[in-house]
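The next block holds one structure in the form of structure tokens; read it before the comments.
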Amino acid sequence: MRILGLETSCDDTSASVVEDGRLRSNVVSSQTALHAPYRGVVPELAARAHLDNLMPAVAKALKDAGRGKLDAVAYTRGPGLMGPLLIGKVAAQTLARLLDIPAVGVNHLEGHVLAAELEHRLRWPVMALVVSGGHTDLVLAKGPGSYRVLGRTRDDAAGEAYDKVARLFGLGYPGGPEIDARAAKGDAAAVAFPRPAMPGTWDFSFSGLKTSVLYHLKGRVPKGRELNDLCASFQEAVAETLVDKTVLAAKRFKAKDIVLGGGVAANSRLRALMKERGEAAGFAVRLPARVLCTDNAAMIAHAACRRLSAGGSPWTGPCDPSLPLRSWA
Ligand code: KG4
Ligand code: ZN
């Protein structure tokens, strides 16, 4: 089954062709520079940029993929920003109608959970950690289409914490990649920031960690070596918090594999520590390539492919900015 996927839920415009779990093309047109001056995604600007960028991305994705008849067009139905979601849906439905094939609405979180399948054969059940600018979700996946969200953040998402702390450090937006780069040159043991555990739940909380960075700085903007040490210490606290709870949940729910998804899954320390502690506990840790961690249409096309090949019906309900992750199998 060959599927064209479109992803426009936030600030990346992406189009991709996936055929039975194999990536044929993946085009991502980033809007980072457009939103950077505002230190966050401006929904109206994002929607306008998707409008400009989507069709060129589709044309390139189809060209890169080479010849072949499409079986469906998939798009992100939610969660995400309403304007950007609607643009993806209208484009997908128009293309699908012209080609006389189904349009399939996909949950963005399901895309992140299944993205690792584009490069690895997963053994179910899988414990998936989806960490992005908008999400910190711990999901038990019993198989494709069978999901239970065990926990999520009670306040800031992991990526949001990175972006807010980067601001306190005087760094640009988005903060994750800059903190990651500086942390590589710093000492992670320099400052003992708290590891918020939220005992008795599978939830996360990052606002306390952010506040403790604020108190540590006392209004100063760190520079040079101190800044690198603070980046490394903050990054270590986030990575340990995420890894320890994920590995604990994988043990408790008898998962076989652990997967990561979302923009923060591109973080070097989170990837290394998840591999180290997950494998020490006996799990296979499957890390998608960084381009398949951040928002991309390949994961959307793949999730649609999984659903349609299992005999599921195309799902075209309304776009929903806070669409919950539901099972379909
Ligand atoms: O999944 P994503 O591309 O977009 C959504 O939020 O849906 O994630 C963006 C988030 C931003 O908060 C960014 O700071 C963070 O992912 N991020 C990182 C890294 N690369 C991106 N955080 C930590 N380390 C990174 N290398
Ligand atoms: Zn995402």
Per DSSP helix of 4 or more residues, -39500 (n - 2.57); summed, then divided by the residues of the chain. What does that give at 222 nm, rounded to the nearest 500? -13500 deg cm²/dmol
What is the distance in Å between the Cα centroid of region 281-310 and that of region 103-132? 4
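Answer rounded, prolate or oblate for region 9-148, using the Cα gyration tensor with square roots of eigenvalues a ≥ b ≥ c: rounded when a/c is under 1.5, else prolate when a/b is larger than b/c, else oblate.
Since a/c reaches 1.5 but b/c is at least a/b, the shape of region 9-148 is classed as oblate.
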Hypothetical label at Leu217: residues of region 170-188 whose amide nitrogen lies under 17 Å (7 Å Cα-Cβ projection): 170-183
In the chain the DSSP beta bridges are antiparallel at a rate, in percent to nearest 5, of 60
Applied in sequence order to region 250-263, the curve 6.51 cos²θ - 1.76 cosθ + 1.60 (Karplus, θ = phi - 60°) yields integer Hz couplings, x standing for Gly and Pro, of 4, 5, 4, 9, 6, 6, 9, 10, 10, 10, 10, x, x, x
How large is ³J(HN,Hα) for each residue in region 75-81, as worked out from phi by the Karplus curve 6.51 cos²θ - 1.76 cosθ + 1.60 (θ = phi - 60°), to whole Hz, x for Gly and Pro? 9, 7, 8, x, x, x, 8
Loop only per DSSP, at most 12 neighbouring Cβ atoms within 10 Å: give me the trypsin sites (Lys or Arg not before Pro) in region 192-246, ordered by residue number. Lys218, Arg220, Lys223
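Count the lysine pairs in region 55-176 that are 8 or more places apart or on different chains: how many have C-alpha atoms under 25 angstrom apart? Don't skip to the answer; put the middle values down first.
Working: Lys60/Lys69; Lys60/Lys89; Lys63/Lys89; Lys69/Lys89.
Within region 55-176, the lysine pair count is 4.
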Provide the gained length on full extension for the span Arg252 to Arg148, in nm with one decimal, where the gain is 0.36 nm per separating residue minus the Cα-Cα distance. 36.1 nm
Sorted on mean Cβ neighbours within 10 Å (highest first), peptides 174-180, 23-29 come out as 174-180, 23-29
Distance between Cα centroids, region 168-187 to region 25-47: provide it in whole Å. 20
Using only alpha carbons, build the gyration tensor for the chain and give me the equivalent ellipsoid semi-axes, biggest first, whole Å. 33, 23, 16
What list of ³J(HN,Hα) values in whole Hz, one per residue of region 85-100 in order, does the Karplus curve 6.51 cos²θ - 1.76 cosθ + 1.60 (θ = phi - 60°) give from phi, with Gly and Pro shown as x? 4, 4, 5, x, 5, 4, 5, 5, 5, 5, 4, 5, 5, 4, 8, 6
For region 122-287: rounded, prolate or oblate by the Cα gyration tensor [a/c cutoff 1.5]: prolate
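Taken together, the values in this text are just the output of simple stated rules run on the coordinates, not laboratory data. Everything numeric here is computed off the predicted structure, so don't read it as measured data. Every residue, glycine among them, receives a Cβ derived from its backbone with ideal geometry; neighbour counts consider all protein chains shown.
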